[in-house]
Each structure stands twice: as structure tokens, then as C-alpha cells.
Amino acid sequence: FPSHDNWQKARTLNELIYDSWLWATMTDDTHRNLCYNVNENGNPYFLLGVSTNGRLFSCKGVTLWDLMNSDWTEVKDDLAYDLHCVCCSNDGTTIVGTNRHGRLIYKNNWNDPKWLHVQNQPGWVWSVAVGQDGTLVGVGGDHKLWSKPGKNGKLDINGNWSQTANPDEIINSICIGPDGSIFCIGGNQIWKKNSYKNLSSQRWEYQGNN
């Protein structure tokens with residue numbers, strides 16, 4: 001994403017989604033390093049998504065155009081039509097998700113056959129995103145934001161949650177941009193904070209509803 005707020009405020013939700021797609025699929029070093037913190041040196045990479053029946057799917061490509069024209073393939077694992085959301089960690093290999101029962105789950109590699117369950121989860125988690133320093137941000141059962149700080153720049157999946165919410169927020173889903181900004185959907189509207197850090201000290205900025 002461009003770093004200036006006015007550009008984002010002038011975009012529709014569909015334009016922001018398309019811009020996120022471009023950042024996630026462009027193969028030059030600048031976009032790969034800013035989006036994933038890794039450089040694949042032109043090798044094929046994967047786009048992951050959750051189907052409406054709760055399964056993990058992937059598609060592969062080297063360029064934007066062959067990725068967009070690639071077929072989606074179901075990832076064979078032990079989760080029985082129960083995946084709700086998924087995101088990539090900052091190490092470029094770990095993926096984190098939630099199931100439809102609000103449990104936090106992860107794989108050390110996206111194509112591992114078995115999902116692992118987090119041990120110390122006190123409540124429901126609806127949506128998750130991982131920041132560039134390994135911080136895990138989640139939407140709790142109260143529809144407010146909670147965070148787990150990273151450890152030595154890496155995801156600490158079994159760390160402790162702390163609430164990082166504003167008192168009046170109601171959030172359904174989140175994502176973190178390559179510049180560290182965080183976006184959420186709440187009440188069918190899109191909102192933004194400039195950083196996933198120090199969330200409770202920032203105000204949400206309205207971005208539109210289309």
C-alpha cells in the first residue's frame with residue numbers, strides 16, 4: 001500500500017482489495033520483501049485461500065498473470081471442512097488460522113498434513129493477522145482486538161494475549177498491510193489504523209463501505 005492516508009481514503013473497498021492482491025502477487029524484490037519479508041528469487045510461490053466449505057486451497061505461479069489464471073487446488077490436511085480464516089506469518093512458511101469453533105490453529109508449513117492447536121487460548125478467536133515483527137493480532141469473541149507480541153522478531157504462537165481494543169469497536173475480520181497498517185471490517189464498513197502496534201492509542205479511520 002502507498003504510505004499516505006489520502007490515497008487509501010480515496011479508494012473504494014474493491015480497489016483496496018485489488019491493491020492488496022497486486023502487493024501479494026507482484027514478483028519484484030521490492031513488493032515481495034515489503035509484503036512477505038522474504039525474496040523467493042523468481043521461484044514459484046503460493047496464494048492461499050479458504051473455500052466456502054471450510055477447506056484450505058492454494059494456487060501457484062511465478063508472475064501475476066499466470067497466478068491469476070492458475071487452478072485452485074485443495075490442500076489435503078486433517079481439518080474437516082472447518083477452516084474459517086487463514087493468514088501467513090512473517091517467516092514466509094508458517095500459516096495461522098481459526099476454525100469455525102473459534103479455535104486458533106497453525107501449521108509450520110502451509111502444505112503440512114496436520115494442523116496444530118494452540119494450548120493457552122482463553123476464549124474465541126474469529127480472525128487473525130501477523131505483523132512484520134511477529135506480533136499476532138486477533139479478533140476475540142467480544143469482537144474486539146487482542147494481540148500477542150512476537151519474540152525475537154518471530155511469531156510466538158503460544159504467548160499471552162492482551163487486549164488492545166478501543167472501547168466502542170465491533171470488528172469481524174482484520175488484515176495487516178505491508179506497511180504495517182491494519183484494516184478491519186466492522187458493521188459492513190472498512191476502517192484503518194496506521195499501525196498494528198500501540199492499537200489502543202490510535203483511532204480508527206473510516207475508509208468507506210464499498
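The values are calculated or read from the model by the stated rules, or taken from the named source; none is laboratory data. Predicted, not measured: the structure shown is a model, and the values here were computed from it. So basically every Cβ, Gly included, is an ideal-geometry build from the backbone, and we count neighbours across all protein chains shown. Calculation scope for accessible area: heavy atoms of the full protein, side chains included, ligands and nucleic acids excluded. Shrake-Rupley method; radii C 1.70, N 1.55, O 1.52, S 1.80 Å.
In the range 137-162, the residues that are without any contact (Cβ under 8 Å) to a residue 40 or more places away in the chain and over 18 Å from residue 200 (Cβ atoms) reach residues that are open to solvent by 40 Å² or more (accessible area, probe 1.4 Å) and hydrophobic (A, V, I, L, M, F, W, C) with C-beta atoms within less than 6 angstrom, at least six apart or across chains, in these pairs: 141/124.
Those residues that are closer than 16 Å to residue 172 by Cβ and surrounded by 15 or more Cβ atoms within 10 Å (Cβ to Cβ), I need them from the range 183-198; list them, please. Within the range 183-198, 183, 184, 185, 186, 190, 191, 192, 193 meet the criteria.
When the range 151-174 is examined, which residues are found to be open to solvent by 30 Å² or more (accessible area, probe 1.4 Å) and assigned to a loop (DSSP other than H, G, I, E, B)? 152, 153, 155, 156, 158, 160, 161, 167, 168, 170, 172 - these are the residues of the range 151-174 that are open to solvent by 30 Å² or more (accessible area, probe 1.4 Å) and assigned to a loop (DSSP other than H, G, I, E, B). Checking residue 147 against (1) open to solvent by less than 60 Å² (accessible area, probe 1.4 Å); (2) more than 20 Å from residue 50 (Cα to Cα); (3) part of a loop (DSSP other than H, G, I, E, B): exactly one of these is not met. Which one? Failed condition: (3).
Among residues belonging to the range 12-27 that are in contact (Cβ under 8 Å) with a residue 60 or more places away in the chain, under 17 Å from residue 179 (Cβ atoms) and hydrophobic (A, V, I, L, M, F, W, C), point out the one that is least open to solvent (accessible area, probe 1.4 Å). Outline the logic, then answer.
Within the range 12-27, the subset in contact (Cβ under 8 Å) with a residue 60 or more places away in the chain is 12-14, 16, 20, 23.
Among the residues that remain, those that are also under 17 Å from residue 179 (Cβ atoms) are: 16, 20, 23.
Right, trim to hydrophobic (A, V, I, L, M, F, W, C) and you get 16, 23.
Details: 16: 8, 23: 35 Å².
Looking at the filtered set, the residue picked out is 16.
Taking the listed residues 139, 128, 118, the one that is surrounded by fewer than 21 Cβ atoms within 10 Å (Cβ to Cβ), in contact with a Leu (Cβ under 9 Å, 6 or more places away or on another chain) and among the β-branched types (Val, Ile, Thr) is 118, with no other qualifying.
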